[in-house]
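Colleague: Below: one structure in structure tokens.
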Amino acid sequence: MTDRSDSFSRAAWSRLKKNTSAIVALITIILSLLLCVFGYLVAPDHTPNSNRIILEIGGKKPGYKMHFLKVKKEKPVEKVNFFTRLLEGQEDNFNYVPIVSWEKKGDSIVVAKYIDDGISEKQVFAITQLEESEHGDFVRELKFLLGTDKFGRDILSRLIIGVRVSMAVGVIAVIISLSLGLILGALAGYLGGKTDDFITWFINVVWSIPTLLLVFAITLVLGKGFWQVFIAVGLTLWVSVARIIRGQVLAIREHEYVEAARALGFTNTRIIFKHILPNVIGPVMVIAASNFASAIVIEAGLSFLGVGVQPPQPSWGLMIKENYNFIITHNPVLAIAPGLCIMILVLAFNLLGNGLRDAMDVRSSE
């Protein structure tokens with residue numbers, strides 16, 4: 001049995017490797033997972049939630065450059081260890097002051113602080129107030145590759161950290177939906193009778209409720225927040241899993257090996273989990289990829305409507321909400337960039353799901 005399973009897995013992987021779009025999608029998903037883990041090490045803004053606010057440079061276009069002084073904060077910020085920084089980021093030990101020009105005079109630096117285009121203000125800072133760079137100077141130039149939002153936060157950094165929300169909601173939603181869907185679908189398909197009638201009725205009732213309305217109701221009960229919306233999304237996606245698993249189990253339960261297991265006196269639980277469910281892993285993987293994509297879209301929609309992830313936690317849907325006014329003004333990239341990220345990640349999971357479906361179809365091996 002193990003040899004047959006290994007042989008099928010190798011054949012499926014061989015077919016999947018020939019699917020260029022599925023492999024590109026898989027690489028995209030792997031890169032997204034790496035960004036989830038190492039986001040704070042990669043992002044230009046490594047502060048918690050990439051929430052470095054510099055109001056003077058709000059709403060700037062991609063490629064914007066500005067010189068800054070790093071002015072030390074009155075109270076030093078405690079340095080966190082590597083793993084805490086990896087998980088939560090590191091607070092800055094200084095404030096960023098945008099400047100147009102500067103001049104060193106003795107033990108002070110006189111600067112023209114940037115206020116707005118064509119507007120500046122003269123300020124004087126003691127050198128002891130400033131953070132010195134590794135080159136021995138006090139002025140640094142920063143480039144914002146995708147521009148800044150209305151609060152002056154780096155869009156690229158928030159996109160990088162925001163991928164955590166999309167991937168996390170997908171993982172949690174898939175775990176919840178697969179757990180409920182597999183159990184209820186398997187029980188309905190294998191036991192039949194009144195159990196099947198009741199579970200099917202319950203599935204149809206939940207299926208008839210619009211997804212967003214059901215998520216709204218669950219969110220209102222659980223409250224707004226990071227984890228609440230993940231659970232709410234997961235509790236709405238199990239129905240499609242249960243319907244597919246029920247159909248697969250109905251077809252498999254009449255096979256000879258299931259009849260043999262019954263004849264040997266195996267319990268229903270052992271037959272379902274040891275003999276039936278391992279044989280529906282193909283459809284499960286396909287529906288998991290589809291649910292992952294659906295969870296990302298639902299979370300983005302909820303965040304856009306204000307009932308998902310709450311500020312300042314970066315979320316692609318929330319970023320669209322905060323910046324969609326710029327679409328019809330001078331800087332549409334602020335809203336288009338997170339929209340493109342959602343589209344690319346959802347497309348990747350859908351393409352991977354299609355690739356898995358084809359790879360696990362034994363008829364495609366011909």
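The values are calculated or read from the model by the stated rules, or taken from the named source; none is laboratory data. In this text the structure is predicted, and so the values were computed from the model without any measurement. Every residue, glycine among them, receives a Cβ derived from its backbone with ideal geometry; neighbour counts consider all protein chains shown.
Colleague: Identify, please: which residue in the stretch 93-120 is among the charged types (D, E, K, R) and surrounded by 11 or more Cβ atoms within 10 Å (Cβ to Cβ) and is, among those, farthest from Ile53 (Cα to Cα)?
Modeller: In the first step, residues of the stretch 93-120 are kept if they are among the charged types (D, E, K, R); the result is 103-105, 107, 113, 116-117.
From what is left, the residues that are surrounded by 11 or more Cβ atoms within 10 Å (Cβ to Cβ) are 104, 113.
On the way: Lys104: 27, Lys113: 16 Å.
Among those residues, the one meeting the criterion is Lys104.
Colleague: Out of curiosity, is Ala25 farther than 29 Å from Leu318 by Cα and in the same structural domain as Val163 (by TED's automatic domain parsing)? First the steps, then the outcome.
Modeller: Values: farther than 29 Å from Leu318 by Cα: no; in the same structural domain as Val163 (by TED's automatic domain parsing): yes.
No, not satisfied.
Colleague: Among the candidates Phe304, Phe349, single out the residue that is among the aromatic types (Phe, Trp, Tyr) and surrounded by fewer than 22 Cβ atoms within 10 Å (Cβ to Cβ).
Modeller: Details: Phe349 fails: surrounded by fewer than 22 Cβ atoms within 10 Å (Cβ to Cβ).
Selected residue: Phe304, the only one of Phe304, Phe349 that is among the aromatic types (Phe, Trp, Tyr) and surrounded by fewer than 22 Cβ atoms within 10 Å (Cβ to Cβ).
Colleague: Only one residue in Gly225, Gly193 is of a type outside the set (Phe, Trp, Tyr) and within 25 Å of the chain's Cα centre (by Cα), so which one is that?
Modeller: Values: Gly193 fails: within 25 Å of the chain's Cα centre (by Cα).
Exactly one of Gly225, Gly193 is of a type outside the set (Phe, Trp, Tyr) and within 25 Å of the chain's Cα centre (by Cα), namely Gly225.
Colleague: If you go through the stretch 242-267 one residue at a time, how many are touching a Phe, Trp or Tyr at 6+ places or on another chain (Cβ under 7 Å) and either surrounded by fewer than 20 Cβ atoms within 10 Å (Cβ to Cβ) or not assigned by TED's automatic domain parsing to the domain that holds Gly181 (or both)? Walk me through how you get there before you give the answer.
Modeller: From the stretch 242-267, those touching a Phe, Trp or Tyr at 6+ places or on another chain (Cβ under 7 Å) are 249, 253; that's our starting set.
From what is left, the residues that are either surrounded by fewer than 20 Cβ atoms within 10 Å (Cβ to Cβ) or not assigned by TED's automatic domain parsing to the domain that holds Gly181 (or both) are 253.
Total satisfying the criteria: 1.
Colleague: Conditions: (1) among the basic types (Lys, Arg); (2) crowded, with 16+ Cβ neighbours inside 10 Å; (3) in contact with a strand residue (DSSP E or B) (Cβ under 7 Å, 6 or more places away or on another chain). Arg15 meets all but one. Number of the miss?
Modeller: With (1) among the basic types (Lys, Arg); (2) crowded, with 16+ Cβ neighbours inside 10 Å; (3) in contact with a strand residue (DSSP E or B) (Cβ under 7 Å, 6 or more places away or on another chain) applied to Arg15, the lone miss is (3).
Colleague: If a residue must be farther than 13 Å from Val165 by Cα and at pLDDT below 90, how many such residues does the stretch 302-320 contain?
Modeller: Kept after step one, since they are farther than 13 Å from Val165 by Cα, are these residues of the stretch 302-320: 304-307, 320.
Right, trim to at pLDDT below 90 and you get 304-307.
Total satisfying the criteria: 4.
Colleague: Can you name every residue in the stretch 19-37 that is assigned to a helix (DSSP H, G or I), closer than 19 Å to Gly355 by Cα and touching a helix residue (DSSP H, G or I) at 6+ places or on another chain (Cβ under 9 Å)?
Modeller: Taking the stretch 19-37 and keeping what is assigned to a helix (DSSP H, G or I), we get 20-37.
After this cut, where a residue has to be closer than 19 Å to Gly355 by Cα as well, the list is 20-32.
Within the stretch 19-37, Ser21, Ala22, Ile23, Val24, Ala25, Leu26, Ile27, Thr28, Ile29, Ser32 meet the criteria.
Colleague: I'd like to check something: does the stretch 276-292 contain any residue that is loosely packed, with under 14 Cβ neighbours inside 10 Å and at pLDDT 85 or above?
Modeller: No, the stretch 276-292 has no match at all.
Colleague: Scanning for something under 30 Å from Ile245 (Cα atoms) and over 25 Å from the mean Cα position of the chain (by Cα), does the stretch 106-129 turn up at least one residue?
Modeller: Taking the stretch 106-129 as the starting set, the residues that turn out to be under 30 Å from Ile245 (Cα atoms) are none.
Checked the stretch 106-129: no residue is under 30 Å from Ile245 (Cα atoms) and over 25 Å from the mean Cα position of the chain (by Cα).
Colleague: For the stretch 202-219, name all the residues that are touching a residue at least 24 places away in the same chain (Cβ under 8 Å) and surrounded by fewer than 18 Cβ atoms within 10 Å (Cβ to Cβ). Show your work before the answer.
Modeller: Residues of the stretch 202-219 that are touching a residue at least 24 places away in the same chain (Cβ under 8 Å), as a first pass: 203, 206-207, 211-212, 215-216, 219.
Residues satisfying the conditions are Val206, Trp207, Thr211, Leu212, Phe216.
Colleague: Kindly provide the set of residues from the stretch 89-107 that are out of contact with any His (no Cβ under 8 Å at 6 or more places or on another chain) and more than 14 Å from Lys70 (Cα to Cα), ordered by number.
Modeller: Of the stretch 89-107, the ones out of contact with any His (no Cβ under 8 Å at 6 or more places or on another chain) are 91-97, 101, 103-107.
The answer is Ser101, Glu103, Lys104, Lys105, Gly106, Asp107.
Colleague: Could you list, in sequence order, all residues of the stretch 220-272 that are of a type outside the set (Lys, Arg), assigned to a loop (DSSP other than H, G, I, E, B) and in contact (Cβ under 8 Å) with a residue 24 or more places away in the chain? Quick ask: steps written out before the conclusion?
Modeller: Initially, the stretch 220-272 is screened for residues of a type outside the set (Lys, Arg), giving 220-223, 225-242, 244-245, 247-252, 254-261, 263-269, 271-272.
Among the residues that remain, those that are also assigned to a loop (DSSP other than H, G, I, E, B) are: 223, 225, 235-237, 254-255, 264-267.
Answer for the stretch 220-272, where residues must be of a type outside the set (Lys, Arg), assigned to a loop (DSSP other than H, G, I, E, B) and in contact (Cβ under 8 Å) with a residue 24 or more places away in the chain: Gly225, Leu235, Thr236, Leu237.
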